[in-house]
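Chemist: Here it is, the structure, as structure tokens.
The values are calculated or read from the model by the stated rules, or taken from the named source; none is laboratory data. Just so we're clear, the structure is a prediction, and the values are computed from it rather than from any experiment. Every residue, glycine among them, receives a Cβ derived from its backbone with ideal geometry; neighbour counts consider all protein chains shown. Quick note on the areas: whole protein, heavy atoms, side chains included, nothing else; ligands and nucleic acids left out. Shrake-Rupley method; radii C 1.70, N 1.55, O 1.52, S 1.80 Å.
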Amino acid sequence: MASLSVKPGQRFTLPDWQNNSLLISADAEQQRFNSHHIRQQGRALRNETSNQARWDEHNSRTQLKDRITTVDRWREALARCLTDIDLEIDALTKVKEAAENAIQAKNLCLDVAIECLTFRESRRDIDVVRDPVEEELLREVKVIEKTKKELQQRVDDAFRQLCLLKEARQVLNSDYRHKGEALELDQQCMSFNPTSGNISFKVNPTRIPDGSTALSEWEQNSRCNKERAEAELKASVDLRGAITLSIAQTNNELDAQRIATEFALRKRMRDMEAALNELRWQEQNTLEEIAEMEEEIRHLEEDIRKRTLDLKVAHTRLETRTYRPHIELCRDQAQYGLTDEVQQLEGAIRALQRKRTESQDALDALYRQLHQIQTDTGYKTNSLQLDHKCMDTRRKLVVPVEKFEPEVDAVNRTRDLPRKSQLEL
């Protein structure tokens, strides 16, 4: 008969089995409790991290929006400032060109004044005087040179201010471009989301880049750039006003001096014409007196000739009577009469000869005076022509150069003088 085989090994009792079952059940419940607690903690952590992530993303988006608004506002302010600087650069450039044109116009005035002085250097003899016209012309030259120097200083100031404006504009433009680039990057950051295709992990993204600045430093830099540009704008506006005022003042001063010079020139011309009229009147009277004196000399010579003939007759009579014979050769009344006649005739002839000599001397003096009058008339005619040339030349100051037609030959200053200026004795 076969025997029952018994497996070797430990045998557990029923209580052990029961305890083991209870232990397994207890462990299962503990594990389920632990799992449930972990699940609850995980759910809470997920909710917390999700809410925190959404809040952080919202906060970051809000801060990006604020930053974009701030940068955009500064960018608009810089753009307005750039526009103002561009307008001011154009305005200052035009004012500078106006000042340069004013200097060029002063060159014409200076050339005219020097040309007038050169004309008047052709005066001759007694007409070479330091008259009010020459003093006004010299004063006009000084005024023109002074105004040119002032305007040149203004032009130099405008050039330096333009350099400062362009430098400020370059700084502003650089700041404007940098803010535009930063604005584009922040707007690009605003467009990122978890579904974007260009997001990825980066190496040490929280590092502080080299060259980073503090917010206060950034604001201070932007404010300084803007304030500097505004200061240069204000200085440029003030300079433009000063340049415009200088141009007006120099023009007024030069116009006043030009009027004074032309007034003195016209007065001098009137005086010269009056002197010429007086000289012509004196010349006419002198010529009349010369004619009368020549006529008188001819009468004196005729009387001398007649008295000489009378003296010859008296001499002949006296000589003839010396041939009377003997007692007839007496000193009778006829003899005394003839002797008195001879003496009277000789005295008359001497008086007539003295008067003829005196008249001839007077005639020579009249001719010398006439020559002096005619010479002085020529001088004054020449001086008057030169002053007329000066007046004609000064028309360039009020008549456009392209329309200017000289009334006299301004090149051949001493040619084609009237024949009256070439009077000869």
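Chemist: Starting from the Cα-Cα distance between Q369 and Q104, subtract it from 0.36 nm times their residue separation and give me the gain in nm to one decimal.
Modeler: Gain on extension, Q369 to Q104, equals 90.4 nm.
Chemist: Now for a different question. Where the eigenvalues come from the Cα gyration tensor of the stretch 8-108, what are the semi-axes √(5λ) of the equivalent ellipsoid, largest first, in whole Å?
Modeler: Working: eigenvalues 1729, 30, 3 Å².
Ellipsoid half-lengths, sorted descending, are 93, 12, 4 Å.
Chemist: Please state the charge dipole magnitude for the stretch 165-300, taken about the Cα centre, from unit charges on C-beta atoms (+1 on K and R, -1 on D and E), reported in debye and rounded to the nearest 20.
Modeler: 1660 debye
Chemist: Measure off 7 Å from each Cα along the Cα-to-Cβ vector at A274 and L397, then give the distance between these two points in nanometres to one decimal.
Modeler: Simple spin-label model gives 2.3 nm for this pair.
Chemist: Now a separate question. Taking the C-alpha atoms of the stretch 147-246, how large are the radius of gyration and the largest Cα-Cα span, Dmax, in Å?
Modeler: That works out to 22.1, 74 Å for Rg and Dmax.
Chemist: How big is the equivalent ellipsoid of the stretch 79-188 along its three axes, where each semi-axis is √(5λ) from the Cα gyration tensor, reported in whole Å from largest to smallest?
Modeler: On the way: eigenvalues 602, 16, 12 Å².
Equivalent ellipsoid of the stretch 79-188: 55, 9, 8 Å, largest first.
Chemist: Another question about this same structure. Rank-order 138-147, 293-302, 77-86 by packing density, defined as the average count of other C-beta atoms within 10 Å over each peptide's residues, highest first.
Modeler: 138-147, 77-86, 293-302
Chemist: Name the most mobile residue of E328, E289, E217, meaning the one with the largest mean-square fluctuation, in a Gaussian network model of the chain with Cα contacts below 10 Å.
Modeler: Among E328, E289, E217, the largest mean-square fluctuation in the Gaussian network model of the chain belongs to E328.
Chemist: Given a 1.4 angstrom probe, I'd like the percentage of the accessible area of the chain that is carbon and sulfur, rounded to a whole number. Walk me through the intermediate numbers first.
Modeler: Numbers: 15310 of 28760 Å².
Result for the chain: 53 percent of the exposed heavy-atom area is carbon or sulfur.
Chemist: Something else about it: Compare the Cα positions of L23, F12, A351 along the charge dipole of the chain (+1 at Cβ of Lys, Arg; -1 at Cβ of Asp, Glu; about the Cα centre) and return the one farthest towards the positive end.
Modeler: Result: F12.
Chemist: Would you report the distance distribution of C-alpha pairs in the chain as whole percents per 10 angstrom bin, up to the bin with the largest distance?
Modeler: For the chain, the binned pair fractions read 4, 11, 10, 9, 8, 8, 7, 7, 6, 5, 4, 4, 3, 3, 3, 2, 2, 1, 1, 1, 1, 0, 0, 0, 0, 0, 0 percent.
Chemist: Relative contact order for the chain: what is it in percent, counting Cα pairs under 8 Å that are at least 6 residues apart?
Modeler: 24 percent
Chemist: Where does the longest stretch of the chain lie that holds no chymotrypsin sites (Phe, Trp or Tyr not before Pro) found in a DSSP loop with 14 or fewer other Cβ atoms within 10 Å? Please list the in-between numbers first.
Modeler: Values: sites that count: F12, F192, F201, Y323, F404.
That gives 13-191 as the longest site-free run.
Chemist: With a Förster radius of 30 Å, plug the Cβ-Cβ distance of N34 and N198 into 1/(1 + (r/R0)^6) and report the FRET value to the nearest 0.05.
Modeler: After rounding, the FRET efficiency stands at 0.10.
Chemist: Continuing with the same structure: Most mobile of L183, L265, L329 per a Gaussian network model of the chain (Cα springs, under 10 Å)?
Modeler: L329
Chemist: Right, another one. To the nearest 0.05, what FRET efficiency results for M190 and K94 with a Förster distance of 41 Å applied to their C-beta separation?
Modeler: Result of the calculation: an efficiency of 0.40.
Chemist: Work from the charge dipole of the chain (Cβ charges, +1 for Lys and Arg, -1 for Asp and Glu, about the Cα centre) and give the residue of A365, N51, I290 farthest towards its positive end.
Modeler: It is N51, whose Cα lies furthest towards the positive end.
Chemist: By how many nm would the segment from A248 to C224 grow when fully extended, if each residue of separation counts as 0.36 nm and the alpha-carbon distance is taken off?
Modeler: Using 0.36 nm per residue and subtracting the Cα-Cα distance, I get 5.1 nm.
Chemist: So if each residue of separation counts as 0.36 nm, and I subtract the Cα-Cα distance between R177 and T206, what length gain in nm does that give?
Modeler: Length gained, R177 through T206: 7.9 nm.
Chemist: I would also like to ask the following. For the chain, what does -39500 (n - 2.57) per DSSP helix run (n ≥ 4), summed and divided by total residues, give at 222 nm, in deg cm²/dmol to the nearest 500?
Modeler: -30000 deg cm²/dmol
Chemist: So in the chain, which Cys have no other cysteine's beta-carbon sitting under 4.7 angstrom from theirs?
Modeler: Lacking a cysteine Cβ partner under 4.7 Å: C81, C109, C163, C189, C224, C330.
Chemist: Taking the highest mean first, how do the peptides 240-249, 44-53, 57-66 order by number of other beta carbon atoms within 10 angstrom per residue?
Modeler: Final packing ranking: 240-249, 57-66, 44-53.
Chemist: Order V129, V155 by their accessible area, 1.4 angstrom probe, all chains in place, largest first.
Modeler: V129, V155
Chemist: Let me ask you something else. With springs connecting C-alpha atoms under 10 Å apart, model the chain as a Gaussian network and identify which of P194, P209, P15 has the largest mean-square fluctuation.
Modeler: P15
Chemist: Taking only protein heavy atoms into account and a 1.4 Å probe, give the accessible area per residue of the chain in Å².
Modeler: For the chain, the per-residue accessible area is 68 Å².
Chemist: At 18 angstrom or more along the helix axis (alpha-carbon based) and mean Kyte-Doolittle of 0.5 or higher, what helices does the chain contain? Whole DSSP H runs only.
Modeler: Span-like helices here: none at all.
Chemist: What shape does the stretch 202-358 take by its C-alpha gyration tensor, where a ≥ b ≥ c are the square roots of the eigenvalues and a/c under 1.5 counts as rounded, a/b above b/c as prolate, and the rest as oblate?
Modeler: prolate
Chemist: Along its principal axes, what span do the Cα atoms of the stretch 335-394 show, with the longest given first and each in whole Å?
Modeler: 86, 10, 5
Chemist: What distance in nm separates the simple spin-label points at S216 and N20, each placed 7 Å from Cα in the Cβ direction?
Modeler: 7.6 nm
Chemist: Run the reach check for K380 against lysines, Cα to Cα strictly under 17 Å, same-chain hits fewer than 8 apart removed. What comes back?
Modeler: Within reach: K267, K389, K420.
Chemist: Send over the semi-axes of the stretch 230-317's equivalent ellipsoid, whole angstrom and largest first, taken as the square roots of 5 times the C-alpha gyration tensor eigenvalues.
Modeler: Numbers: eigenvalues 1347, 12, 4 Å².
Semi-axes from the Cα gyration tensor: 82, 8, 4 Å.
Chemist: Can you give me the Cα centroid spacing of the stretch 30-46 and the stretch 109-187 in angstrom?
Modeler: After rounding, the separation between the Cα centres reads 90 Å.
Chemist: Considering the Cα positions of the stretch 275-407, please state its Rg to one decimal place and its Dmax as a whole number of Å.
Modeler: Here Rg and the maximum Cα pair distance are 30.6, 109 Å.
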